[in-house]
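Visitor: Just passing along the structure, written as structure tokens.
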Amino acid sequence: MDAIDRKLLEMLQLNCDTPIAELAGAVQLSTTPCWRRVQRMKEAGVITSHVALVDPKSVNVGVTVFVNIKTSQHTQAWFDQFHATVDSIPEVVEFYRMSGDIDYLLRIVVPDIAAYDGVYKRLIAGTQLFDVSSSFAMEQLKFTTALPLRYAD
């Protein structure tokens, strides 16, 4: 990946609908070589999808909850059941296996605390958990889907 690819990715991360002609002009290429570079990054799996980002408040899911989960079980069967439970809950928008004191971290979006309680009940009904700790975000200070590209090679 060279400087031109990185610039194209920076622009596409901000707006994937940017016309090829505008991308090409920004990186000083003609449209066909620019289009080929973008296609190559798609084929290589660097660009994984094109999405529309939706304002959470506009769709009534303005409350973000971070959920720390500890388990006393670490079998594949337990994990498969837990993963299936989490996958079945659309309010869970991010799911991570962690190092350290916490085993799993979830980011959940809901309209209010009552809705979160419903998510919590579905979560604990589907899997045996040792400890669940929830923190409600008071204010979102930074949000981006754009990845830093200075490390890309």
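The values are calculated or read from the model by the stated rules, or taken from the named source; none is laboratory data. These numbers were taken from a predicted model, which means no experiment stands behind them. With ideal geometry, Cβ positions are generated from the backbone for all residues, glycine too; neighbour counts draw on all protein chains shown.
Visitor: Scan region 58-66 and tell me whether some residue there is free of Cβ contacts under 8 Å to residues at least 24 places away in the same chain and either surrounded by 11 or more Cβ atoms within 10 Å (Cβ to Cβ) or within 30 Å of P148 (Cβ to Cβ) (or both).
Guide: Checked region 58-66: at least one residue is free of Cβ contacts under 8 Å to residues at least 24 places away in the same chain and either surrounded by 11 or more Cβ atoms within 10 Å (Cβ to Cβ) or within 30 Å of P148 (Cβ to Cβ) (or both).
Visitor: What's the number of the condition M1 fails, among (1) surrounded by 10 or more Cβ atoms within 10 Å (Cβ to Cβ); (2) at pLDDT 95 or above; (3) aliphatic (A, V, I, L, M); (4) more than 30 Å from G100 (Cα to Cα)?
Guide: The number of the failed condition is (2).
Visitor: Further question on the same structure: Would you confirm whether or not region 46-66 contains a residue that is within 30 Å of D112 (Cα to Cα), of a type in the set (F, W, Y) and out of contact with any Cys (no Cβ under 9 Å at 6 or more places or on another chain)?
Guide: The answer is yes; a qualifying residue exists.
Visitor: Give the residues of region 99-153 that are of a type in the set (S, T, N, Q), at pLDDT 95 or above and surrounded by 15 or more Cβ atoms within 10 Å (Cβ to Cβ), sorted by residue number.
Guide: The one that is of a type in the set (S, T, N, Q), at pLDDT 95 or above and surrounded by 15 or more Cβ atoms within 10 Å (Cβ to Cβ): S134.
Visitor: Then there's this: For the structure I just gave you, tell me whether L8 is assigned to a loop (DSSP other than H, G, I, E, B) and more than 30 Å from I89 (Cβ to Cβ). Give the derivation first.
Guide: Numbers: assigned to a loop (DSSP other than H, G, I, E, B): no; more than 30 Å from I89 (Cβ to Cβ): yes.
For L8, the condition - assigned to a loop (DSSP other than H, G, I, E, B) and more than 30 Å from I89 (Cβ to Cβ) - is not met.
Visitor: A further question on this structure: Restricting the search to region 130-146, which residues are touching a strand residue (DSSP E or B) at 6+ places or on another chain (Cβ under 6 Å) and either more than 27 Å from D55 (Cα to Cα) or not in a strand (DSSP E or B) (or both)?
Guide: Scanning region 130-146 gives F130, D131, V132, A137.
Visitor: Let me ask you something else. For region 21-45, give me each residue that is over 26 Å from the mean Cα position of the chain (by Cα) and assigned to a helix (DSSP H, G or I).
Guide: A21, E22, A24, G25, A26, V27, T31, T32, P33, C34, W35, R36
Visitor: Cβ-Cβ distance below 8 Å, separation of 6 or more or different chains: which pairs start in region 15-36 with a residue that is among the hydroxyl-bearing types (S, T, Y) and end on one that is part of a helix (DSSP H, G or I) and modelled with pLDDT of 95 or more?
Guide: T18/M11; T18/L12; S30/A24; T31/I20; T31/A21; T31/A24
Visitor: Can we say A77 is of a type in the set (A, V, I, L, M), within 30 Å of D153 (Cα to Cα) and without any contact (Cβ under 8 Å) to a residue 40 or more places away in the chain? Give the steps one after another, and end with the answer.
Guide: Numbers: of a type in the set (A, V, I, L, M): yes; within 30 Å of D153 (Cα to Cα): no; without any contact (Cβ under 8 Å) to a residue 40 or more places away in the chain: yes.
No.
Visitor: How many residues are under 15 Å from V132 (Cβ atoms) and either part of a strand (DSSP E or B) or touching a Lys or Arg at 6+ places or on another chain (Cβ under 8 Å) (or both) when one looks only at region 77-93?
Guide: Of the residues in that region, 3 qualify.
Visitor: Please go through (1) more than 20 Å from the chain's Cα centre (by Cα); (2) within 30 Å of L129 (Cα to Cα); (3) touching a residue at least 40 places away in the same chain (Cβ under 8 Å) for I69 and return the number of the only condition it doesn't satisfy.
Guide: (1)
Visitor: Now for a different question. Does Y96 qualify as being hydroxyl-bearing (S, T, Y) and either assigned to a loop (DSSP other than H, G, I, E, B) or touching an Asp or Glu at 6+ places or on another chain (Cβ under 6 Å) (or both)? Break it down stepwise before answering.
Guide: On the way: hydroxyl-bearing (S, T, Y): yes; either assigned to a loop (DSSP other than H, G, I, E, B) or touching an Asp or Glu at 6+ places or on another chain (Cβ under 6 Å) (or both): no.
So Y96 does not fit the description; no.
Visitor: Can you tell me which residues in region 94-132 are touching a residue at least 60 places away in the same chain (Cβ under 8 Å) and either among the β-branched types (V, I, T) or not assigned by TED's automatic domain parsing to the domain that holds G62 (or both)?
Guide: Answer for region 94-132, where residues must be touching a residue at least 60 places away in the same chain (Cβ under 8 Å) and either among the β-branched types (V, I, T) or not assigned by TED's automatic domain parsing to the domain that holds G62 (or both): just V132.
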